[in-house]
There are 2 protein chains.
Amino acid sequence: MSRSDDRPEPTDGLTSGAPFDVAGRDAVYRAIATRRDVRGEFLPDPIDEAALARILDAAHRAPSVGLSQPWDFILIRRLETRQRIADIFADANAQAAERFPAGKRDQYRALKLAGITSAPLNICITSDRERGGPVILGATHMADTDLFSTVCAIQNLWLAARAEGIGVGWVSILHEDRVKAVLGIPQRLRLVGYLCVGHVKGFFDSPELEKRGWKRRSPLASHIHEEGWREED
Amino acid sequence: MSRSDDRPEPTDGLTSGAPFDVAGRDAVYRAIATRRDVRGEFLPDPIDEAALARILDAAHRAPSVGLSQPWDFILIRRLETRQRIADIFADANAQAAERFPAGKRDQYRALKLAGITSAPLNICITSDRERGGPVILGATHMADTDLFSTVCAIQNLWLAARAEGIGVGWVSILHEDRVKAVLGIPQRLRLVGYLCVGHVKGFFDSPELEKRGWKRRSPLASHIHEEGWREED
């Protein structure tokens, strides 16, 4: 196709496919390696609004199925609202403890698993299951692609926050219906993530659940399969 | 608690909560802003094994519910296997086209939506719904937390690849059962993502679906709600 053709060149708008320089690459890997799920280390310091805008913009730049952008971000700063969510967490967490075998229950109860009221900001992230209409490119054959897009937005937010020196803790021990009622979220939306966000005393140098003796990480090699699934690889 | 106490200091292993320097922060944002869903720009060049190892390690450093690490990575390089997956995509994509209204169908058919055989590497990412046992910390109350962990791993992989100058395209127009049969994936696992991975001629400077006139991105402001849900915010 020649440039005199009216149709767009397929290479129009292509930018370099070169890797980042070593310092840039290392910064990306540092954000990934030092990101932590923060529960107990939040400081009450306010978050700079420009930093918050950058973090939300990073989330909004996530990939989404058929460019549907199904996510929404509900920013919760009022302590009264956060306290109501913390009460829902407390109920769910007490139920959760009962699910563990007796020998593990006390260890579970001793863990701090949410910083809902100690973090100055909470962000509830939802996925609108009807956004984009009845047929969405890429969502015709596999389930939950809208939820997966929304999780990509959360992971972008989490890594951007780490680079800003802002901690994020994802709280999933919640009764979804009660949280939706408190925040007025319509039924058609799924609550995907409830995040506690704030500056921190510091980030742990390894995952807190490993540090506290709850569980150990497995080696990467045990998760890699060549050419097809191999049990006990 | 004094240092002479035998119990661990809660601050043991805490590293700085300071932000990255500006160059480091910008590199993280650059990976997020320039990451693209690659379909038609793959080059056949082999991927450096050290870079691939770094990308997979980045995926494996994702957060996971209760440190369950439910993900697995099946690396597919054999053309014969990729061709079998491409055949499944072709069937699903023909079905998908029929779902769109007549006026949109031809535009859909003209889009290139997968680089399964042109990318030298495919990675199938699964989530083991039984990994970690019957009760997993954080998975007691909300559904699909294991899938969400696995998506976080995919987004880490995608951003790391971008920093390495390696393109990734997520293909979701597939019959999950047929792909699982080709790769021998057990029933208990969910297929979360099927990725085409390779070096590229370049990365588009904006999402390809927008560039090709399929859909436009919405502004971030329309996705932000203060203190609670507001319809038509």
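The values are calculated or read from the model by the stated rules, or taken from the named source; none is laboratory data. Values in this document were obtained by computation on a predicted structure and should not be read as measured data. Every residue, glycine among them, receives a Cβ derived from its backbone with ideal geometry; neighbour counts consider all protein chains shown. Each accessible area value is taken on the protein alone, full model and side chains, heavy atoms only, with ligands, DNA and RNA left out. Shrake-Rupley method; radii C 1.70, N 1.55, O 1.52, S 1.80 Å.
Numbers for the structure displayed
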read-out: Residue match in the stretch A:111-120 (condition: assigned to a loop (DSSP other than H, G, I, E, B) and touching a Pro at 6+ places or on another chain (Cβ under 7 Å)); value: yes
read-out: Members of the stretch B:159-196 that are small (G, A, S) and more than 8 Å from chain A (Cβ to nearest Cβ); value: B:A161, B:G169, B:A181
read-out: Lone unmet requirement of (1) in contact with a Phe, Trp or Tyr (Cβ under 9 Å, 6 or more places away or on another chain); (2) more than 10 Å from every other protein chain (Cβ to nearest Cβ); (3) open to solvent by 20 Å² or more (accessible area, probe 1.4 Å) for B:K104; value: (2)
read-out: Selection status of A:L157, closer than 22 Å to A:R39 by Cα and either assigned to a helix (DSSP H, G or I) or at pLDDT below 95 (or both); value: yes
read-out: Residue within the stretch B:150-158 that is in contact with a strand residue (DSSP E or B) (Cβ under 7 Å, 6 or more places away or on another chain) and surrounded by fewer than 22 Cβ atoms within 10 Å (Cβ to Cβ) present; value: no
read-out: Which numbered condition B:H199 fails, given (1) of a type outside the set (K, R); (2) crowded, with 21+ Cβ neighbours inside 10 Å; (3) modelled with pLDDT under 95; value: (3)
read-out: Any chance A:E41 is under 22 Å from A:V200 (Cβ atoms), open to solvent by 10 Å² or more (accessible area, probe 1.4 Å) and more than 10 Å from chain B (Cβ to nearest Cβ); value: no
read-out: Set B:L183, B:L195, B:L174: member being over 19 Å from B:H60 (Cα atoms) and under 17 Å from the mean Cα position of the chain (by Cα); value: B:L174
read-out: Counted residues, the stretch B:114-135 - those being facing chain A (nearest Cβ under 9 Å) and open to solvent by less than 10 Å² (accessible area, probe 1.4 Å); value: 2
read-out: Hits in the stretch B:163-190 - residues which are open to solvent by less than 10 Å² (accessible area, probe 1.4 Å), closer than 16 Å to B:I85 by Cα and of a type in the set (G, A, S); value: B:G169
read-out: Residue within the stretch B:33-45 that is part of a helix (DSSP H, G or I) and modelled with pLDDT of 95 or more present; value: yes
read-out: Selection from the stretch B:93-129 of residues that are of a type in the set (A, V, I, L, M, F, W, C) and over 18 Å from B:L209 (Cβ atoms); value: B:A94, B:A102, B:I116, B:A119, B:L121, B:I123, B:C124, B:I125
read-out: Selected residue (only one of B:P207, B:P219 is within 25 Å of A:A53 (Cβ to Cβ) and more than 8 Å from chain A (Cβ to nearest Cβ)); value: B:P219
read-out: Where B:P70 falls short, out of the listed (1) more than 8 Å from chain A (Cβ to nearest Cβ); (2) open to solvent by 50 Å² or more (accessible area, probe 1.4 Å); value: (2)
read-out: Sole exception among (1) outside any loop (DSSP other than H, G, I, E, B); (2) out of contact with any Asp or Glu (no Cβ under 9 Å at 6 or more places or on another chain); (3) open to solvent by 10 Å² or more (accessible area, probe 1.4 Å) for B:G193, by number; value: (3)
read-out: Failed condition for B:R77, given (1) in contact with a Leu (Cβ under 7 Å, 6 or more places away or on another chain); (2) at the interface with chain A (Cβ under 9 Å from one of its Cβ atoms); (3) within 23 Å of B:A160 (Cβ to Cβ); (4) open to solvent by less than 20 Å² (accessible area, probe 1.4 Å); value: (4)
read-out: The stretch B:139-149, residues that are touching a residue at least 24 places away in the same chain (Cβ under 8 Å) and open to solvent by less than 20 Å² (accessible area, probe 1.4 Å); value: B:T145, B:L147, B:F148, B:S149
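Listed here are the residues, each with its yes/no results for (1) open to solvent by less than 20 Å² (accessible area, probe 1.4 Å); (2) outside any strand (DSSP E or B); (3) over 21 Å from B:R61 (Cβ atoms).
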site	(1), (2), (3)
A:L137	yes, yes, yes
A:A161	yes, yes, no
A:L209	no, yes, no
A:R216	no, yes, no
A:E231	no, yes, yes
